[in-house]
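**Q** Could you have a look at this structure, given as structure tokens, before my questions?
The values are calculated or read from the model by the stated rules, or taken from the named source; none is laboratory data. Source: prediction; values computed, not measured. When we count neighbours, we look across all protein chains shown, and the Cβ atoms used for this are built from the backbone with ideal geometry, even at glycine. Side chains are part of the model used for accessible areas, which takes the heavy atoms of the whole protein and leaves out ligands, DNA and RNA. Shrake-Rupley method; radii C 1.70, N 1.55, O 1.52, S 1.80 Å.
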Amino acid sequence: MTDVRYPFTAIVGMADLRLGLLLNAVSPAVGGVLVRGEKGTAKSTMVRALAGLLPSIATVDGCRFACDPAAPDPQCPDGPHSAATSGERPAQLVELPVGVAEDRIVGSLDLERALAEGVKAYEPGLLAKAHRGVLYIDEVNLLQDHVVDLLLDAAAMGRSYVEREGVSVRHAARFLLVGTMNPEEGELRPQLLDRFGLTVEIAATRDPAERAEVVRRRLAYDADPAGFAARFADQERELAERITAARELLPEVELTDVALRQITAVCAAFEVDGLRADIVMARTAVALAAWAGRTQVLEEDVRKAAQLALPHRRRRNPFDAPGLDEEQLDRTLEEHAQPDEPEPEGDGPTPDGDGPGGDGPDGDGPDGGPDGDGPDGGPDGGGPDGGGAPEPSDGGVPAPERSTADGDVPPQQPVPAQHPAPARESAPVAAGDPYRTRLFTVRGTGHGAQGRRSPAETTGGHTVRARRPRGPLSRLHLTATLQAAAPHQVARGRDGRALVLHRDDFREQVRKGRESNLVLFVVDASGSMAARQRMTAVKGAVLSLLMDAYQRRDKIGMITFRGAGAELALPPTSSVEVGAARLESLPTGGRTPLAEGLLRAHEVLRVERLRDPDRRPLLVVVTDGRATGGGRDALARSHRAAALFAAQGTASVVLDCESGPVRLGLARTLAGRLGGSAVSLDELRAEGVASLVRDNRAANRSTTSMRKAA
């Protein structure tokens, strides 16, 4: 391995990502960059290369928190630094692993020493190391939500807090935050997306010449890293000097009233939530002007700031892709390109026309209305590429149409509903509108990743009991610790006010919260489901359950069965958006191989248990219960397959899709074989199941009473 970083200026293409990183280097107040893109697009390489361009920082000698000697942190745990010597060091690049624990991020307190000796023994975390440098989070969408919340809070406040049973430590934590993610592996929540200042969409170039140059440079770097870096040393130095110059110019940049009005008008036009977008756009536009060597924000700066700061704030539901309508952006900028003029007094004719809205000699009204020449959108004509901005292919493009690559079939006439098992396939039908569903949980108490579905022992939640520590003590249960130590004080020779504590006295909190689960959908796509109105309702129900899984932080998977077998349409993933796209393109037709669908689900869950033993599964079977594939004993085979899940105690729900005046009750029978429950489409809606919830709570109370009596 070599310590020579790949040069920033040697990276080919990706102009928007390059600009977004440089703007944050000029003005860290912009709020960081979220880089969204497919794998293998040099996201990590560019971020690591940026750290080599940042100016060196002066630090207090011996301070583990990189305090600035010119303005040391008064709350620094290593302080005070009233008369300290100083030195210089490069800005740090700190990389955050995906599986990092909370204590590793914010640091840890030795609570045993704090109680027994009264000493604040604090070990700094990664936030302290990243102070005044770069914090890089690869695959940020795979981090647990509470970890991401903690990081973004520190980035917003510029300070890290550690609180443990009344013992607190705080220190400065200001850093350039960069996160990368592959959307195919799952999205961030909109609330978390909003906390990143800018976002950039990147994809590998399709130009063979550019791809060849990328490969050529990479091979040259691998063969001789030092020699390759030397080729770009002059360009790297010039870029570093430009960053320093832009930082010095930044306080002198003027954000004019016209530019500010354009910023707020754009944010209002795109209906972004809150005011963070306005603030981020303003800071970005100022940084763009400083980067260009100007002291005044122009319309081209506002346009580019919008392209970087707004696309990820446009999402309205979990299945929306980030995007920005360039035509709407240009129209809004043009409408607010000139300062407001006072309205003329009175209703009579004006010297230039018949009235306030009349056509004067210049052919326009006082507001530059639609009949006049009006503003042209700024000095560069108001086009989408004004100001030398790159093509919006790396972000700010409208969301693509959902792919129908999986299951595309030639359009055919819909199969009449009276035929229960048609031999031909029907074209995919659209899903009904999603709605809020009732909550389905896994029985018992789990130990999986934090979420919002099933009861579990978690790092958050409320304290339910105490126990002896299982490893390093992090969540002290103070009352239980004192109770354990109190009976032994005389024997231990206590002679003062302080307790004499031994290691065996310490107790940790056991907290109960909720976990996320693996929700595996097994969807019947056979001919018995092919009636278009019926399938629309069924897809709408599954789409609603997918949205519920997204909100509860679950992983999802999807198996479909029709014709002669079953298909894993979506391997278990956190990307609910992909699940929605696969559902929309799902065709129907053929026989009903229910047993094959259940057996495929059994195999998928077996593999997932090996990969993640702590994540408990919830099986959701969407069917009318019929089984017509695999011979005469198809129904019996499906019941035997269902018994496998019951034997393992897998939580399951059958969404009963049977309709019509005559119902066979096969889905209810299947639910009994699975050891789960059956819910009709009408019962799935949360607002329609108040009585069911009351009955369920009453049953739970009755079960609890019986257990206590036993």
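**Q** Within 10 Å, count the other beta carbons around each residue, average over each peptide in 258-265, 174-181, 500-507, and list them highest first.
**A** 174-181, 258-265, 500-507
**Q** Would you calculate the separation in nanometres between label points at residue 244 and residue 457, each defined as 7 Å from the Cα along the Cα-to-beta-carbon direction?
**A** So the two model labels end up 5.6 nm from each other.
**Q** Let me make sure I get this right: for the stretch 218-269, a, b and c are the square roots of the gyration tensor eigenvalues over alpha carbons, sorted descending. Under 1.5 in a/c it's rounded, otherwise prolate if a/b > b/c, else oblate. Which is it?
**A** Oblate.
**Q** Between residue 153 and residue 603, what is the label-to-label distance in nm when each label sits 7 Å out along the Cα-to-Cβ direction?
**A** 4.5 nm
**Q** Could I ask something else about it? Grab the other residues whose beta carbon is less than 12 angstrom from that of residue 673, score K and R as +1, D and E as -1, and report the net.
**A** +3
**Q** In whole Hz and in residue order, list the ³J(HN,Hα) couplings for the stretch 552-559 that follow from phi through the Karplus curve 6.51 cos²θ - 1.76 cosθ + 1.60, θ = phi - 60°; x for Gly and Pro.
**A** In residue order, the calculated couplings are 9, 6, 7, 8, 10, x, 9, 10 Hz.
**Q** Treat every Asp and Glu Cβ in the stretch 41-111 as -1 and every Lys and Arg Cβ as +1, leave all other atoms uncharged, and give the resulting dipole magnitude about the Cα centre to the nearest 20 debye.
**A** Roughly 360 debye for the stretch 41-111.
**Q** Amide H neighbours of residue 629 under 5 Å, at least 5 residues apart or on other chains, H built in the peptide plane: list them.
**A** The list, which skips near neighbours in sequence, is 592, 594.
**Q** Still on this structure: If you consider only alpha-carbon coordinates, what radius of gyration and Dmax does the stretch 639-679 have, in Å?
**A** Both quantities, over Cα of the stretch 639-679: 10.7, 36 Å.
**Q** If amide hydrogens are placed 1.01 Å from N in the peptide plane, which non-local residues have theirs closer than 5 Å to the one on residue 314?
**A** Under 5 Å from the amide H of residue 314 lie the amide H atoms of 323, each far enough along the sequence or on another chain.
**Q** Tell me the per residue accessible area of the stretch 515-664 using a 1.4 Å probe; a whole number in Å² is fine.
**A** So the stretch 515-664 comes to 34 Å² accessible per residue, rounded to a whole number.
**Q** What FRET efficiency do you get for residue 478 and residue 4 if R0 is 51 Å and r is their Cβ-Cβ distance, rounded to the nearest 0.05?
**A** The value I calculate is 0.50.
**Q** What whole number of Å gives the distance from the Cα centroid of the stretch 246-309 to the Cα centroid of the stretch 554-618?
**A** 46 Å
**Q** Let me ask another. Amide H to amide H, which residues 5 or more places from residue 458 or on other chains are under 5 Å from it, using H placed in the peptide plane?
**A** For residue 458, the qualifying residues are 511, 512, 513.
**Q** Right, here's the next one. Cα-Cα over 28 Å: which of 129/304; 43/129; 39/555?
**A** Flagged as over cut-off: 129/304.
**Q** How much of the accessible area of the stretch 241-327, in percent, comes from carbon and sulfur atoms when a 1.4 Å probe is used?
**A** So the carbon and sulfur contribution to the accessible surface is 49 percent.
**Q** Further question: For 612, 273, give the ranking by accessible area with the largest first, probe 1.4 Å.
**A** Ranked list, largest accessible area first: 273, 612.
**Q** Take residue 38 and residue 168, extend 7 Å from each Cα along the Cα→Cβ direction, and tell me the distance between the two endpoints in nm.
**A** My value for the distance between the label points is 4.9 nm.
**Q** What residue among 26, 15, 80 has its Cα farthest toward the positive end of the dipole of the stretch 1-95, where the charges are +1 on Lys, Arg and -1 on Asp, Glu, each on the Cβ?
**A** Highest projection toward the positive end goes to 15.
**Q** Sticking with this one: Order the following by accessible area, largest value first: 241, 88, 236. Probe radius 1.4 Å; ligands, DNA and RNA are ignored.
**A** 88, 241, 236
**Q** Oh, and also: Run the accessible area of the stretch 556-611 with a 1.4 Å probe and give the carbon-and-sulfur part as a rounded percent.
**A** Carbon and sulfur together cover 51 percent of it.
**Q** Now for a different question. Under a 1.4 angstrom probe, counting protein chains only, how are 335, 201, 299 ranked by accessible area, largest first?
**A** Largest to smallest exposure gives the sequence 335, 201, 299.
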